[in-house]
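Just below is one structure, and these are the notes that go with it.
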Amino acid sequence: MSSTLIHSLWFLLVLFSRGIDTTETPPPLVPDDPPALLEKSVVLKGDSHVENVELLEPIKVKLDCTWTGNKTKLPNITGYWKKDGIEIDNTQVRVQLENERYNLKKVFSINKDNLGDYSCVFVGSQDGAKIDFHLAAPKMSDMRDKPVVSYVGDSVVIDCKSKKPPVYWLWYKVNGTEKELIDTGANSSRHRMHVNAEGYHSKLTVLLVNESDAGIYSCSAVFHIGASEGHVELRVITFIEPLKPFLAILVEVVVLVFLILLCEKRNSRKQNHSGNENQSAQTSKLAQGENGMEESSTIRQRKM
């Protein structure tokens, strides 16, 4: 076999081998599922209403507003939408009266950047009406109104509860207008965080409490749609703090006893002084009486 034929066969073999792809073809990318659609409908019979809507993740929300109208019952009125009190562009429409009601609806794609208050507004000839939808992450529940109190050197537990279990929890120490993230990891020597099995209850334990730990603590329940926060105040006192009222009472008692003794001493002095004056007066009278008697006896002796 000639060298030319061998080279030709080798060239064809290389081309053939390159044309066959023996690697596995990666599966096609599956597009993410579109956000689910949440519908919220409100029938308004007055002139205003507020509807709270709690969201866990980015979602499409269909807001459906129905107004029964006023006495005028115009055949059509103006309707539009607001976001946080500002009219949304290109949402103004004419709303027809159907079955003695006006209806206005719209779909919004909601994520963490556009949470807030959405309002449907109906404008009649004389008056109007609106429905406010407050879109937010689930709020905290059972927050303490009174501060948590701990002694210096003790350990204290601060807790927060969320209406729905978040993705994770974070704790902050509030310093004025700033928040400092608290390290609750395994390497932290003074802070521990425990979350219950259901995930809606978080507890922060502060070990070896000192006076600098006093202040406001913020618990943050972080959801896919955003975060919800609650605040708890921690007061740190020394062991002498509960004794202060008793010490104050004791001081008052001591002062009162001192004043009583002082008054009694002054009264005793006055009484002694009066007694001395009376005794002196009696002595003076006795002396005068004796002198009178001596003078009388002398005069009688002279007469005799």
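The values are calculated or read from the model by the stated rules, or taken from the named source; none is laboratory data. Quick caveat: nothing in here was measured; it's all calculated off a predicted structure. Positions of Cβ are backbone-derived with ideal geometry, glycine not excepted, and every protein chain shown enters the neighbour counts. These area figures cover heavy atoms from the full protein model, side chains too; ligands, DNA and RNA do not enter into them. Shrake-Rupley method; radii C 1.70, N 1.55, O 1.52, S 1.80 Å.
Can you tell me which residues in the stretch 36-60 are over 17 Å from GLY85 (Cα atoms), small (Gly, Ala, Ser) and at pLDDT below 95?
The answer is ALA36, GLY46.
So that you can scan it fast, the table gives a plain yes or no per residue for (1) at pLDDT 65 or above; (2) open to solvent by less than 70 Å² (accessible area, probe 1.4 Å); (3) part of a helix (DSSP H, G or I); (4) of a type outside the set (Lys, Arg):
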| residue | (1), (2), (3), (4) |
| --- | --- |
| SER228 | yes, yes, no, yes |
| LEU243 | no, no, yes, yes |
| VAL255 | yes, no, yes, yes |
| ILE260 | yes, no, yes, yes |
| SER268 | yes, yes, yes, yes |
| GLU277 | no, no, yes, yes |
| SER280 | no, no, yes, yes |
| GLN288 | no, no, yes, yes |
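Within the stretch 155-173, which residues are under 19 Å from LEU208 (Cα atoms), surrounded by 13 or more Cβ atoms within 10 Å (Cβ to Cβ) and of a type outside the set (Gly, Ala, Ser)?
VAL156, ILE158, ASP159, TRP171, TYR172, LYS173 - these are the residues of the stretch 155-173 that are under 19 Å from LEU208 (Cα atoms), surrounded by 13 or more Cβ atoms within 10 Å (Cβ to Cβ) and of a type outside the set (Gly, Ala, Ser).
Looking at the stretch 174-186 only, could you name the residues that are assigned to a loop (DSSP other than H, G, I, E, B), free of Cβ contacts under 8 Å to residues at least 12 places away in the same chain and either surrounded by 15 or more Cβ atoms within 10 Å (Cβ to Cβ) or among the hydrophobic types (A, V, I, L, M, F, W, C) (or both)?
Answer for the stretch 174-186, where residues must be assigned to a loop (DSSP other than H, G, I, E, B), free of Cβ contacts under 8 Å to residues at least 12 places away in the same chain and either surrounded by 15 or more Cβ atoms within 10 Å (Cβ to Cβ) or among the hydrophobic types (A, V, I, L, M, F, W, C) (or both): just ALA186.
With the structure loaded, tell me whether GLU211 is farther than 18 Å from VAL149 by Cβ and among the acidic types (Asp, Glu) or whether it fails that test.
no
In the stretch 87-108, what count of residues is obtained for those that are assigned to a strand (DSSP E or B) and open to solvent by less than 70 Å² (accessible area, probe 1.4 Å)?
7
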